[in-house]
Structure formats: C-alpha cells, structure tokens
Amino acid sequence: MLTYPTDLNSDEQELARTRLRELAEKLTADGILRSPQWREVFERTWRHPYVPSYYPELGAPCLLSIDPVRRAEWLAAVYSDQTLITKVIQMPLSRSLRPGAQPMFTSSSTLPALLLTMLEALEVTDGCRVLEIGTGSGYNAALLCERLGSEHVTSVDIDPELVDLARERLAANGYTPTLAAVDGDGGYPERAPYDRIIATCSVPAVPPAWLEQAAPGGMIMVDVRGKIDGTVVRLTADGAGTATGHFLPGYGSFMPLRHTLDFPPPDSVWETDDEPVDSVSQVDPAELQYGNEFGFVVQWHLPDVTWSPATEDGQPGVHLRAPDGSRASVYGTQTDGGFRVSQGGPRRLWDRVEEAHTFWQESGRPSSERFGITATATEQYVWYDHPDSEHRWPLPAPQPAE
Ligand SMILES: C[S@@+](CC[C@H](N)C(=O)[O-])C[C@H]1O[C@@H](n2cnc3c(N)ncnc32)[C@H](O)[C@@H]1O
C-alpha cells in the first residue's frame with residue numbers, strides 16, 4: 001500500500017490548527033457553516049491525512065507531503081477553500097493527438113465550501129443512516145463519521161485503490177465506516193435503507209437504485225446535470241419510489257459518475273454532410289457561460305448538447321454539438337442587428353437556446369433554486385417553481401443498474 005507520512009511536527013500542527021480555524025471562520029462569515037454542530041465537526045476533523053498529495057495543476061507533478069521544502073505549501077492548500085485533484089488518468093495514446101486531448105481527473109477532495117453546503121442542507125440528525133457515493137479521499141466520510149458515528153456511515157467508490165487508501169486513512173484517525181468498491185449507480189443494497197444519500201459525483205438522472213434504497217422521508221442529494229453546468233438538487237423520497245425537491249442555490253459541480261475505471265470511450269457523434277444554414281439571433285452567445293443561470297436553464301432544453309467557447313475576431317461565441325450530428329456556431333460579433341448563427345444537422349440547436357432565452361427572460365431570469373426535479377424509476381423531469389408546473393423538461397431515461 002502506498003501511503004505518505006502525514007504526521008505533523010508541532011510547528012506544522014500549530015499552522016494547520018490556525019488555518020483550519022481561519023477557514024471555519026471564513027465559511028461561517030460567508031453563511032456556509034450555519035450550525036454549531038457542523039462547525040464543531042469541521043474544526044475537529046483534519047483534512048490533511050486524506051489529502052497527502054494532490055495535483056496543483058494539470059500536468060504538474062504531484063506535490064507530496066514527503067517533500068520537506070513544500071510541506072507548508074501543502075498544508076496551506078489543504079486548509080484553504082480549494083478543490084484538490086487527487087487522481088488523474090492519462091488519455092490513451094490513440095486519442096492523445098486529438099485537439100484538446102487532456103488527462104482526465106478521476107478523483108478530488110471536494111471544495112470544502114461545497115461539501116459543507118451539502119452537509120448543512122442534508123439536515124442530518126443523530127442516528128441518521130447515510131450512504132455516500134464517491135468516497136474519494138475519504139475526507140467527507142470522516143466528517144460524516146465525526147458527526148454521526150462510523151456505524152451510521154456507508155461510503156462507496158468505483159475505484160478500489162481509493163477505497164483501500166480511504167479505509168486505511170480513516171482507520172488511522174479512528175473512523176470505521178462501511179466502505180465498498182462498487183459502482184455506486186446501484187447504491188449499496190446491503191445496508192439499505194438510508195435516511196440520506198449524498199453523491200459527490202454527478203449524474204444525468206437519479207439512479208433508480210437510490211430511489212429504492214432511500215427510506216421514506218429520506219433525502220437524496222446529488223448534482224444532476226446536463227452537459228453545461230452542475231447544480232446540486234435535494235430530493236425527498238416518498239417511500240413509494242418517487243423523490244422530488246428543489247435545486248440548491250448556487251453552483252455545485254462534480255465529476256461525472258462513471259461505470260468503468262478506464263478512460264471513457266469518446267462520445268460518438270454522427271457526422272452529417274448537410275450545408276449549415278445561416279441566420280441572425282438576438283441572443284448574445286456571451287450569455288451562455290459555465291456557472292451562470294442561463295446556462296443552467298439551457299441544459300434542460302438541450303440535455304445531450306455539449307457547449308464549448310468559440311472566438312472570432314476576439315469576440316466570444318459558442319459552439320454547440322449533439323451526438324446526432326446537430327451543431328450550431330454563434331459568434332459574438334454583431335451583424336445586421338444581431339449575432340451570426342450557423343446551424344446544421346437534424347435539429348436546430350440554437351432555436352432551442354432562443355426558446356430557453358424567451359422563457360428565462362419572461363420568467364424574470366430565475367436562478368437554480370426556483371427549479372426542481374421529480375424522479376421515479378421510469379420518468380424524471382426538471383420543473384420550474386412547482387412539480388405540476390407547465391414548464392417541465394424531461395431528463396434522459398434512467399437506466400436500471402446492471
Ligand atoms: C469528487 S470525488 C469524491 C470526493 C470525496 N467525497 C472526498 O471527500 O474526497 C468523486 C468520486 O466519485 C467516484 N466515482 C465516480 N464514479 C463512481 C461510481 N460509479 N460509483 C462510485 N463512485 C464513483 C470517483 O472515483 C471519485 O473518487
């Protein structure tokens with residue numbers, strides 16, 4: 001087992017304690033840490049044993065806790081509000097020459113502010129049985145164990161190496177939750193039902209197994225997303241296979257749940273040889289960005305569509321692309337009183353963006369918490385303001401776990 005020494009000398013302990021307290025104060029002042037219980041738990045739970053190394057930036061070597069020169073830097077990062085990438089897999093050589101080819105992050109220690117936002121919103125009480133999907137570093141499992149006791153915590157990850165490391169690190173800090181290396185898409189029936197299911201990886205729709213394994217009145221908290229932006233939704237299960245609830249305010253983006261340890265196959269995109277059709281749009285492509293409310297709304301209109309930025313003459317634009325070969329490019333340079341659009345393939349993607357824009361403008365530019373999801377094992381949809389709203393967008397059909 002490859003482990004790194006994370007024991008701190010007395011100066012380092014002092015530094016870590018000071019930084020942890022400062023971070024707790026900042027997160028309290030920002031309104032993220034709201035309850036005395038979570039504040040106490042946060043201040044009692046070290047993060048450094050779970051993140052002995054991380055990738056400071058893509059391609060850079062791992063910064064290790066065993067590098068004596070960089071230990072202060074490591075501790076400063078661990079006790080700051082940062083996501084720390086902890087595992088990366090290289091792209092296969094056969095695909096590495098494609099434009100934009102990059103290694104893929106497969107695990108990280110989540111941004112503390114995001115973890116705590118979710119933990120606070122999870123509204124746990126003593127005795128709650130929690131299932132976490134995405135053990136990763138084990139730090140979130142440690143927070144849950146510190147709050148609820150190890151016997152109430154189950155955490156699963158698809159990557160056995162991560163589970164082994166997390167088990168060892170958790171045990172070294174006195175925590176013994178139930179851990180398993182399984183595809184969390186199927187939940188973990190062995191310990192069901194759960195009062196809370198929290199996922200730290202994103203899904204296109206709520207896995208049916210989670211709906212089955214949630215206790216009546218239990219909560220499911222997960223980033224359900226299209227291909228543009230992530231936001232966490234909090235669903236309450238009715239005990240009869242349906243869960244419903246609103247998105248949380250703000251953005252909370254997680255890496256996708258995956259079914260294999262390998263690099264995922266490339267999205268298959270049909271090539272179509274039709275001539276693109278040009279038009280002019282009043283919708284500024286600059287409005288469609290990651291992390292903004294309009295992007296959040298657009299993704300429900302176009303759940304299979306990938307967004308990427310495009311630039312022409314220094315003006316920001318966007319490319320949209322769907323697996324069926326539909327595509328649209330929109331440029332930020334104003335022309336003939338609008339923005340130049342070029343669309344091809346079987347669907348007119350930008351026309352759907354315009355519909356989304358009309359809805360969003362007429363509704364007063366609502367943010368994510370005005371929307372919610374209703375999920376059953378066979379049908380799931382995003383709604384605006386109320387589950388019975390006329391404004392609903394279907395999510396991809398949930399796939400039962402294999
Ligand atoms: C953002 S990280 C988890 C962060 C973690 N909770 C922590 O505190 O460090 C996401 C994790 O989800 C895991 N994951 C991805 N697909 C999964 C699946 N199908 N089942 C279980 N875990 C999965 C990844 O291996 C990764 O470790």
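Name the single residue that is nearest to the ligand (Cβ to nearest atom) among those in segment 113-135 being in a loop (DSSP other than H, G, I, E, B) and acidic (Asp, Glu). Among residues in segment 113-135 that are in a loop (DSSP other than H, G, I, E, B) and acidic (Asp, Glu), the one nearest to the ligand (Cβ to nearest atom) is GLU123. All of (1) closer than 27 Å to CYS201 by Cβ; (2) touching a helix residue (DSSP H, G or I) at 6+ places or on another chain (Cβ under 8 Å) hold for ALA72 with one exception: (1).
For ASP274, the requirement of being modelled with pLDDT under 95, within 16 Å of the ligand (Cβ to nearest atom), more than 27 Å from PRO366 (Cβ to Cβ) and of a type in the set (Asp, Glu) is not met. Of all the listed residues (VAL153, VAL124, VAL130), the sole one being open to solvent by 10 Å² or more (accessible area, probe 1.4 Å) and at negative phi is VAL124. VAL69 satisfies every condition listed in (1) open to solvent by less than 30 Å² (accessible area, probe 1.4 Å); (2) out of contact with any Gly (no Cβ under 6 Å at 6 or more places or on another chain) except (1).
Criterion applied to ARG225, ARG191, ARG196, ARG234 was being within 16 Å of the ligand (Cβ to nearest atom), in contact (Cβ under 8 Å) with a residue 12 or more places away in the chain, farther than 17 Å from THR135 by Cβ and charged (D, E, K, R), and the one residue passing it is ARG225. Looking at segment 313-365 only, could you name the residues that are of a type in the set (A, V, I, L, M) and either over 13 Å from LEU302 (Cα atoms) or free of Cβ contacts under 8 Å to residues at least 60 places away in the same chain (or both)? VAL318, LEU320, ALA322, ALA328, VAL330, VAL341, LEU349, listed by residue number. Note on segment 239-260: residues that are of a type in the set (A, V, I, L, M, F, W, C), within 16 Å of the ligand (Cβ to nearest atom) and in contact with a Gly (Cβ under 8 Å, 6 or more places away or on another chain) amount to 2. Hey, can you tell me all the residues within segment 141-154 that are assigned to a helix (DSSP H, G or I) and within 17 Å of ARG191 (Cβ to Cβ)? If the condition is that a residue be assigned to a helix (DSSP H, G or I) and within 17 Å of ARG191 (Cβ to Cβ), then ALA141, LEU144, CYS145, LEU148, SER150, GLU151, HIS152 are the ones that fit. Of all residues in segment 48-83, those satisfying the criterion of being among the acidic types (Asp, Glu) and away from the ligand (no atom under 16 Å from the Cβ) are GLU57, ASP67, GLU73. Scanning segment 186-208 for residues that are open to solvent by less than 20 Å² (accessible area, probe 1.4 Å) and either acidic (Asp, Glu) or part of a strand (DSSP E or B) (or both) gives TYR194, ILE197, ILE198, ALA199, SER202, VAL203. Screening LEU33, LEU8 for residues that are of a type in the set (A, V, I, L, M, F, W, C), in a loop (DSSP other than H, G, I, E, B) and closer than 20 Å to LEU148 by Cα leaves exactly one candidate, LEU33. Taken over segment 230-258, the criterion of being open to solvent by 10 Å² or more (accessible area, probe 1.4 Å) and farther than 19 Å from PRO398 by Cβ is satisfied by HIS246, LEU248, PRO249, GLY250, TYR251, SER253, MET255. Go through segment 162-176 and count every residue that is without any contact (Cβ under 8 Å) to a residue 60 or more places away in the chain and open to solvent by 20 Å² or more (accessible area, probe 1.4 Å). Here the count works out to 5.
Just one of the numbered conditions (1) without any contact (Cβ under 8 Å) to a residue 40 or more places away in the chain; (2) open to solvent by 30 Å² or more (accessible area, probe 1.4 Å); (3) among the small types (Gly, Ala, Ser); (4) within 20 Å of CYS145 (Cα to Cα) is not true of ALA180: (2). Segment 293-374 holds strands (runs of 3 or more DSSP E) entirely within its bounds, and those carrying 3 or more residues that are open to solvent by 40 Å² or more (accessible area, probe 1.4 Å) map to 306-312, 315-321, 327-335.
If you go through segment 35-61 and pick out every residue that is among the charged types (D, E, K, R), open to solvent by 90 Å² or more (accessible area, probe 1.4 Å) and more than 22 Å from the chain's Cα centre (by Cα), you end up with 2. For segment 375-402, the tally of residues that are among the aliphatic types (A, V, I, L, M), open to solvent by 30 Å² or more (accessible area, probe 1.4 Å) and touching a helix residue (DSSP H, G or I) at 6+ places or on another chain (Cβ under 7 Å) stands at 2.
The values are calculated or read from the model by the stated rules, or taken from the named source; none is laboratory data. Bear in mind that the values here come from a model prediction, so they are computed numbers and not experimental data. Positions of Cβ are backbone-derived with ideal geometry, glycine not excepted, and every protein chain shown enters the neighbour counts. Side chains included, ligands, DNA and RNA excluded: accessible areas come from the protein's heavy atoms. Shrake-Rupley method; radii C 1.70, N 1.55, O 1.52, S 1.80 Å.
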